[in-house]
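What follows is one structure encoded as structure tokens, with my remarks underneath.
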Amino acid sequence: MNRINQKLQENKKLLSIYFTAGYPSLNDTVSIIQDLEKNGVDMIEIGLPFSDPLADGPTIQDSSTQALKNGMTTEVLFNQLKDIRKTVNIPLIIMGYFNPMLQYGVEAFCKKCKEIGIDGLIIPDLPVDVYHEEYQATFEKYGLINVFLITPQTSDERIRFIDSVSNGFIYMVSSASTTGAKSGFGNEQAAYFERINSLNLKNPQIVGFGISNNSTFKAATKYAKGAIIGSAFVKHITANNAQNIDAFVNSILK
Amino acid sequence: MEKTKTMQQNLSNSAKTDMQLKICGMKYQDNIKQVAALKPDYLGFIFYEKSPRHFDGVMPQLPEGIKKTGVFVNENLNTVIETVNKFKLQAVQLHGEESAFYCNMLNTSKQLNEPVEVIKVFSVKDGFNFEVLKQYENVCDYFLFDTKGKLPGGNGYTFDWSLLNNYPSTKPYFLSGGIGLDQVDDIKKFKESKAAKYCYALDVNSKFEIAPGLKNIAILKEFQNKLSDKTMQENYNVDDKGYYGNFGGAYIPEMLYPNVEELRQNYLKVMAEPEFKKEFDKLLKDYVGRPSPLYFAKRLSEKYNTKIYLKREDLNHTGAHKINNTIGQILMAQRLGKKRIIAETGAGQHGVATATVCALMGLECIVYMGEIDIARQAPNVARMKMLGATVIPAKSGSRTLKDATNEAIRDWINNPVDTHYIIGSAIGPHPYPDMVTRFQSVISEEIKWQLKEHEGRENPDYVVACIGGGSNAAGTYYHFLHEPNVNIIAVEAAGLGVNSGESAATSVLGKEGIIHGCKTLLMQTNDGQITEPYSISAGLDYPGVGPMHAHLAKTGRAEFMSITDDEAMKSGLELCELEGIIPAIESSHALAIFKQKQFKPNDVVVMSLSGRGDKDLNNYIEYFKI
């Protein structure tokens with residue numbers, strides 16, 4: 001069974017952390033992953049940086065720009081991760097935009113992920129219909145789980161379609177925004193989370209966007225299986241030069 | 001070493017689609033680069049000292065996908081192998097009396113660093129004994145049939161291709177010997193014949209030369225275009241799923257899906273409403289000042305000895321074609337109940353056109369503009385502000401048009417309900433490229449009836465436009481796309497030169513990829529990171545090209561030409577002097593083609609003069625030290 005599915009079966013709320021690979025320094029990738037696991041993080045999204053990250057706010061944009069300047073490429077990332085399964089057991093997801101994968105070759109990319117032990121992918125600009133028609137078979141051939149986003153504006157009908165195509169979890173974007181733009185949850189989010197709950201989807205949901213601390217983590221996981229923190233963590237490693245990861249994780253899980 | 005055999009696959013491709021092209025007899029470094037830019041499938045280098053096209057120079061770096069082919073005549077096998085290794089050749093063409101044994105030795109040699117395709121040549125004159133092929137069947141990858149002449153190749157005349165009706169083999173072959181521009185019709189006929197079933201490639205050489213070994217790029221381009229002329233069968237409009245051939249689609253984050261989907265479901269319906277059309281047409285007439293004149297440029301025509309008409313989009317309100325689209329989209333936004341308008345702009349022309357229509361309709365307007373562009377286009381920034389728009393600097397990435405577009409998209413993600421994004425070019429996720437094209441198609445609609453008044457016919461011989469993202473070009477071509485007698489020319493900005501590293505010639509430098517929500521040709525690194533283009537013209541300074549144009553390039557329906565900064569600036573000044581019109585630098589790129597391409601005296605060439613040069617005065621002043 002895929003590590004993501006295994007993890008989702010655990011009887012607890014999951015904390016997933018996103019960070020940009022190759023940032024702040026090119027070779028920080030592996031040690032950040034190891035530190036996150038050591039401190040009790042359940043799942044990691046490894047950001048493959050892109051020159052034009054449309055869905056991201058300034059924090060992740062800047063970290064991507066810096067990572068590319070540091071020399072990060074698809075090939076470099078795969079090399080950094082080649083022995084990752086010797087030390088790390090939690091699910092690992094690569095999150096990135098579609099063009100670098102397209103240039104690497106979608107099948108070659110999936111094959112490499114399987115070899116390394118990557119469990120899933122999140123590709124914000126690969127729409128579910130294109131995935132379903134052109135790439136789903138390839139992803140499944142290599143045992144990869146593709147994770148789709150839904151937003152407060154996504155219709156029930158489309159959510160059901162996304163649920164039918166998914167085989168891991170659904171990434172529930174908390175509000176209409178780019179990453180790192182908004183913080184905190186109000187009544188609007190509560191209504192949205194309840195709407196999704198009432199759909200009784202086959203895939204559990206993990207909330208992302210707008211989660212930065214213990215209180216937003218708790219609020220998000222009240223309705224969902226888990227929550228993803230991205231920009232807040234990237235800010236932390238910027239300020240701490242990729243150190244003191246224990247302090248960050250403890251502050252969320254306290 | 002296991003040899004990769006791709007023949008069968010190639011064969012099935014060639015039977016269904018087009019034949020491959022080999023251009024042979026390459027000699028001069030710069031010329032090789034120019035020919036390589038045409039992306040032939042094979043480039044031939046003759047390693048035979050007695051040939052006037054003998055290659056003894058330095059091999060330049062060639063784009064991927066072009067197979068370097070060494071041509072040898074009765075050469076020592078070891079020399080062939082050394083040459084293959086030295087120049088990293090992917091194919092060897094044996095033009096002498098090499099035996100089957102020799103071919104086999106080469107084919108299976110362990111001294112080759114990489115496997116090579118072996119092409120064995122046979123010369124044909126009045127007849128041919130196909131029996132000789134048998135012994136070569138299993139030792140080479142392709143046959144090549146050339147005209148028998150005094151020299152081994154390069155004799156410059158064709159043989160009777162109908163002899164190949166008796167071709168007994170299933171091995172794919174190259175057709176060679178005297179093929180030139182005059183043979184295009186014969187080739188098309190040949191393609192339909194039984195003989196062509198296994199014809200894999202065309203091999204051309206001496207008929208495309210200025211001097212032995214020096215190829216004529218313009219004629220080669222024309223040959224490629226004419227051969228791939230599928231005007232009648234091919235659809236150049238968008239299909240149901242939002243694609244032009246392989247290009248287009250909507251590669252957008254889920255956050256944008258509801259907005260884009262709402263537009264997709266409504267745009268054609270809204271555009272077809274009589275009330276919408278009436279309002280659109282009325283504004284184009286009374287507010288924009290349409291129809292824009294189709295002006296016969298007499299002195300320019302005399303200078304270049306052809307008939308040049310300028311479609312005067314520069315005379316529109318706000319000084320360019322951009323307003324045709326913003327009028328259409330603001331009416332669309334109103335119909336969809338949107339209260340807030342966002343736009344991206346490079347030089348500021350589209351920003352001004354958007355700010356203008358927002359003022360006209362009393363809607364809030366936010367324009368994203370790269371921080372660097374804000375600094376170099378101060379007058380347009382002031383215009384937008386006077387028109388009531390808020391100009392927000394894009395501070396990410398390279399701080400130019402590409403980043404302004406990213407910021408506008410991010411704004412839309414953050415404001416999904418009340419906001420409409422007016423994209424200024426024929427790019428973006430479907431339905432934008434098609435919607436923008438339809439709003440701009442008024443340009444070619446007018447050309448048709450205006451040309452009828454001037455020339456007594458609706459269709460010119462050529463329509464020409466400059467291309468950044470490609471909105472004025474899309475509008476200029478639209479009603480001619482399926483007219484086989486109208487040649488389409490697209491002019492890209494070469495910046496400091498196509499191979500200088502400072503260029504925006506996307507059709508040459510771009511690879512298929514995804515930018516701003518659509519699959520198209522774009523300039524990017526091997527790793528898929530989008531790179532920064534360069535052109536003196538801010539309006540052409542874009543790393544991608546609209547998906548319709550990518551399709552026109554790929555199918556050969558349009559001929560793409562690249563013009564450098566210097567060529568454009570000179571042609572801009574020339575128009576001032578000859579016709580009393582100061583063109584935008586974008587449009588000056590289109591004007592510069594007359595120095596590259598010779599038209600016939602009776603050809604009618606209609607060129608879109610997409611904008612006026614007022615906004616570029618500082619550039620002109622600086623460049624010419626006026």
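Tabulated data
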| quantity | calculated |
| --- | --- |
| Residue satisfying all of: in segment B:506-516; outside any strand (DSSP E or B) and farther than 18 Å from B:Gln61 by Cα; farthest from the other protein chains (Cβ to nearest Cβ) among these | B:Ser507 |
| Residue in segment B:382-403 that is surrounded by the most Cβ atoms within 10 Å (Cβ to Cβ), counting only those that are modelled with pLDDT under 95 and part of a helix (DSSP H, G or I) | B:Leu401 |
| Test result for B:Ile536, modelled with pLDDT of 90 or more, outside any loop (DSSP other than H, G, I, E, B) and among the β-branched types (Val, Ile, Thr) | no |
| Selection within segment A:102-137 - crowded, with 21+ Cβ neighbours inside 10 Å, among the aliphatic types (A, V, I, L, M) and away from every other protein chain (no Cβ under 12 Å) | A:Ile118, A:Leu121 |
| Lone unmet requirement of (1) in a helix (DSSP H, G or I); (2) more than 19 Å from B:Ile536 (Cα to Cα) for B:Glu559 | (1) |
| Some residue of segment B:246-262 being out of contact with any strand residue (DSSP E or B) (no Cβ under 7 Å at 6 or more places or on another chain) and either more than 14 Å from chain A (Cβ to nearest Cβ) or part of a strand (DSSP E or B) (or both) | no |
| A:Phe98, sole failed condition from (1) surrounded by fewer than 17 Cβ atoms within 10 Å (Cβ to Cβ); (2) facing chain B (nearest Cβ under 10 Å); (3) of a type in the set (Phe, Trp, Tyr) | (1) |
| Odd one out for A:Ile33 among (1) within 14 Å of chain B (Cβ to nearest Cβ); (2) under 14 Å from the mean Cα position of the chain (by Cα); (3) in a helix (DSSP H, G or I) | (1) |
| Matching option when the condition is touching a strand residue (DSSP E or B) at 6+ places or on another chain (Cβ under 8 Å) and either of a type in the set (Val, Ile, Thr) or more than 21 Å from B:Ile372 (Cα to Cα) (or both), among B:Gly470, B:Gly517 | B:Gly470 |
| Test for B:Ala347: is it at pLDDT 95 or above and in contact with a Gly (Cβ under 8 Å, 6 or more places away or on another chain) | no |
| Tabulated pairs, segment B:410-424, first away from chain A (no Cβ under 12 Å), second assigned to a loop (DSSP other than H, G, I, E, B), C-beta under 6 angstrom, 6+ apart or interchain | B:His420/B:Lys338 |
| Enumeration of residues in segment B:425-451 that are in contact with a helix residue (DSSP H, G or I) (Cβ under 7 Å, 6 or more places away or on another chain) and either among the acidic types (Asp, Glu) or within 14 Å of chain A (Cβ to nearest Cβ) (or both) | B:Ile427, B:Pro429, B:His430, B:Glu445 |
| Residue identified as under 28 Å from B:Ile413 (Cα atoms), among the aromatic types (Phe, Trp, Tyr) and either out of contact with any strand residue (DSSP E or B) (no Cβ under 7 Å at 6 or more places or on another chain) or not in a helix (DSSP H, G or I) (or both) among B:Tyr309, B:Tyr267, B:Tyr287 | B:Tyr267 |
| Hits in segment A:51-94 (condition: more than 10 Å from every other protein chain (Cβ to nearest Cβ), surrounded by 23 or more Cβ atoms within 10 Å (Cβ to Cβ), under 22 Å from A:Phe209 (Cβ atoms) and of a type in the set (A, V, I, L, M)) | A:Ile60, A:Ala67, A:Leu92, A:Ile93, A:Ile94 |
| In segment A:182-217, residue farthest from the other protein chains (Cβ to nearest Cβ) [restricted to those that are within 18 Å of A:Phe248 (Cβ to Cβ), surrounded by 14 or more Cβ atoms within 10 Å (Cβ to Cβ) and more than 16 Å from the chain's Cα centre (by Cα)] | A:Asn213 |
| Unique residue being under 34 Å from the mean Cα position of the chain (by Cα), of a type outside the set (Val, Ile, Thr) and part of a loop (DSSP other than H, G, I, E, B) when the list is B:Leu89, B:Leu144, B:Leu151, B:Leu112 | B:Leu89 |
| Per-region count, segment A:156-193, residues of a type outside the set (A, V, I, L, M), closer than 16 Å to B:Pro253 by Cβ and at pLDDT 95 or above | 2 |
| Qualifying residues in segment A:200-223 (those that are touching a residue at least 60 places away in the same chain (Cβ under 8 Å) and touching a helix residue (DSSP H, G or I) at 6+ places or on another chain (Cβ under 8 Å)) - the one nearest to A:Gly180 (Cα to Cα) | A:Phe217 |
| Only one of B:Gly180, B:Gly213 that is in contact with a His (Cβ under 9 Å, 6 or more places away or on another chain) and surrounded by 16 or more Cβ atoms within 10 Å (Cβ to Cβ) | B:Gly213 |
| Counted residues, segment B:418-457 - those being closer than 21 Å to B:Met255 by Cα and among the hydroxyl-bearing types (Ser, Thr, Tyr) | 3 |
| Count of residues meeting criterion [of a type in the set (D, E, K, R) and in contact with a helix residue (DSSP H, G or I) (Cβ under 7 Å, 6 or more places away or on another chain)] in segment A:21-55 | 3 |
| Within segment A:34-54, tally of residues that are over 13 Å from A:Gly96 (Cβ atoms) and out of contact with any strand residue (DSSP E or B) (no Cβ under 6 Å at 6 or more places or on another chain) | 6 |
| Segment B:603-626 - residue that is of a type in the set (D, E, K, R) and out of contact with any Lys or Arg (no Cβ under 8 Å at 6 or more places or on another chain) and, of those, surrounded by the fewest Cβ atoms within 10 Å (Cβ to Cβ) | B:Lys625 |
| Single match in B:Lys339, B:Lys307, B:Lys285, B:Lys322 (criterion: farther than 14 Å from B:Tyr421 by Cβ, of a type in the set (Lys, Arg) and surrounded by fewer than 21 Cβ atoms within 10 Å (Cβ to Cβ)) | B:Lys285 |
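Rundown of residues vs (1) in contact (Cβ under 8 Å) with a residue 12 or more places away in the chain; (2) within 13 Å of chain B (Cβ to nearest Cβ), yes/no style:
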{"site": "A:Phe139", "(1), (2)": "yes, no"}
{"site": "A:Phe148", "(1), (2)": "yes, yes"}
{"site": "A:Thr154", "(1), (2)": "no, yes"}
{"site": "A:Arg160", "(1), (2)": "yes, no"}
{"site": "A:Val165", "(1), (2)": "yes, yes"}
{"site": "A:Gly180", "(1), (2)": "yes, yes"}
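A quick yes/no check of all residues on (1) under 24 Å from A:Tyr142 (Cα atoms); (2) in a loop (DSSP other than H, G, I, E, B):
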position	(1), (2)
A:Gly22	no, yes
A:Asn27	no, no
A:Glu37	no, no
A:Glu45	yes, no
A:Ser51	no, yes
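The values are calculated or read from the model by the stated rules, or taken from the named source; none is laboratory data. On a predicted model such as this, the values are computed, not experimentally measured, just so you know. With ideal geometry, Cβ positions are generated from the backbone for all residues, glycine too; neighbour counts draw on all protein chains shown.
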